[in-house]
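In what follows, a single structure is set out as structure tokens and then discussed.
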Amino acid sequence: MSGQQCLRRLAASSTPLRSLPLLCASTRTVARLPSSSNAATRSYSAVIRATSSGLLSQASRRPGQLTLLQPAALGSQVRTYAESIVKVPQMAESITEGTLKQWSKQVGDYVEQDEEIATIETDKIDVSVNAPEAGTIKEFLANEEDTVTVGQELVKLETGGEAPAGGKQEAKEESKGPASSEQETSSQPEGEQEQSKPKEPEPAKEESKPAPPKQESKPAPPPSKPTPSPKESKDAAPKKESAPGSREERRVKMNRMRLRIAERLKQSQNTAASLTTFNEVDMSSIMEFRKLYKDEILKKQGVKLGFMSAFSRACILAMKDIPAVNASIEGPNGGDTIVYRDYVDISVAVATEKGLVTPVVRNAESLGLVGIEEAIAGLGKKARDNKLTIEDMAGGTFTISNGGVFGSLMGTPIINLPQTAVLGLHAIKEKPVVVNGQIVIRPMMYLALTYDHRLLDGREAVTFLVKIKEYIEDPRKMLLG
């Protein structure tokens, strides 16, 4: 049989898979063709591509020699799809449920491995639900604001596909090829229309620039019709301005964190025998100390030296004389056991958009001023970025709350159970005070210590607060502690 007859038989074949035996026989025939029949070889290659629908390809570019793909290569081009169910992940030992706050993706979206799909709000932190593997979202199995439990099915994911971005972009570029110049003319200013037109002598150069068509294939929506996300629309609803004289009321469900804060604060009031003692501290010395060394520390350590580290260090040194401040009461029926600790884990109160959180600086007794400041800065950043974990907030033996950053002059902080005491810092105000018989103006701050009277007596609480005052007014004493 001649090579031309083989080509005619191949062209007449319409079923790609049934033509495989014929293609195998024809390959051997064409392989014996002399090198001069290049045209026949190219035609044969075109027939193979047309009839096999991509199952066959040219394995060699040498004229006169074509081979079939091996079975392994054929199998590698067959896409396989599997269904995967994404479940609510483990959140923490003490957390078994949460509220599905929002979906980050929509049905039909393609997600990469470990890409965020949803956010679950708990009473302590927000937990991200990530895709275990790449695939396409087929169905949501829960709605926003639903209460979901650990292990509950959330998303049906079809895995095994490929990201559609490349294919979609190519299809869009092909479909708009002839009209691309018209689109550029209509969407660009007159001064740029000349530059946007493709040059006839260099068509290949224009085709090698997919960026401009890519930008025009997705024109920006008109500014007059914004499309807010579901989350934005929910947040925007309470901000609606009422008409003058209106007496409207709005009821918004408390989020889980706010509910938990309310529960814990009320529990503290009902459990602890809370009492607050006050004192006033002259901030002149510690402010001078900070002024002398803050630039040097910032340059060498990259840390901004503040007052929190100084007060933390002063509390740690004062606890050596009054260890009950760092203790707690545990046991049934309100507690019958005192737990004394050799370590100090300081909880730092941080205000976030969702509520007050208290991340913990662990083993603060082993840190210096710079180390404490670094730890506080890191926890504060994580709190503002909503990236705190359960481990960051677990525990804590003593709390410092700095209401002075908001301008508070004086207040009574609430104990963070099962802790025994909390120190409240306030705003620094210049006041006239008497020093060595002279009236002078000094920067003063009120200190407030709320303590559990079940464990601390007044003498111990006042002594503790006075020692903090002495360390702050003369920071050199910290070196002797």
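The values are calculated or read from the model by the stated rules, or taken from the named source; none is laboratory data. Predicted model, so just to flag it, every value in this text is computed and none were measured. All Cβ positions, glycine included, derive from the backbone under ideal geometry; neighbour counts span all protein chains shown.
Values for this structure:
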quantity	calculated
The range 334-392 - residue that is among the charged types (D, E, K, R) and closer than 19 Å to Leu423 by Cβ and, of those, surrounded by the most Cβ atoms within 10 Å (Cβ to Cβ)	Glu373
Residue match in the range 301-322 (condition: in the same structural domain as His453 (by TED's automatic domain parsing), small (Gly, Ala, Ser), out of contact with any Leu (no Cβ under 9 Å at 6 or more places or on another chain) and buried (at least 19 other Cβ atoms within 10 Å of the Cβ))	yes
Thr122 being buried (at least 17 other Cβ atoms within 10 Å of the Cβ) and either polar (S, T, N, Q) or not assigned by TED's automatic domain parsing to the domain that holds Lys387 (or both)	yes
Residues being under 27 Å from Val440 (Cβ atoms) and touching a Lys or Arg at 6+ places or on another chain (Cβ under 8 Å) - total across the range 284-309	5
Filter result (more than 30 Å from Val433 (Cα to Cα), of a type in the set (A, V, I, L, M), in contact with a strand residue (DSSP E or B) (Cβ under 8 Å, 6 or more places away or on another chain) and not in a helix (DSSP H, G or I)) within the range 238-296	Ala272, Ala273
Subset of the range 417-437 [surrounded by fewer than 22 Cβ atoms within 10 Å (Cβ to Cβ) and out of contact with any helix residue (DSSP H, G or I) (no Cβ under 6 Å at 6 or more places or on another chain)]	Pro418, Ile428, Lys429, Glu430, Lys431, Pro432, Val433, Val434, Val435, Asn436, Gly437
Residue in the range 427-442 that is at pLDDT 90 or above and closer than 20 Å to Ala351 by Cβ present	yes
Residue tally, condition assigned to a strand (DSSP E or B) and in contact (Cβ under 8 Å) with a residue 60 or more places away in the chain, over the range 113-143	2
From Lys294, Lys266, Lys253, residue being within 30 Å of Ile415 (Cβ to Cβ), among the charged types (D, E, K, R) and at pLDDT 90 or above	Lys266
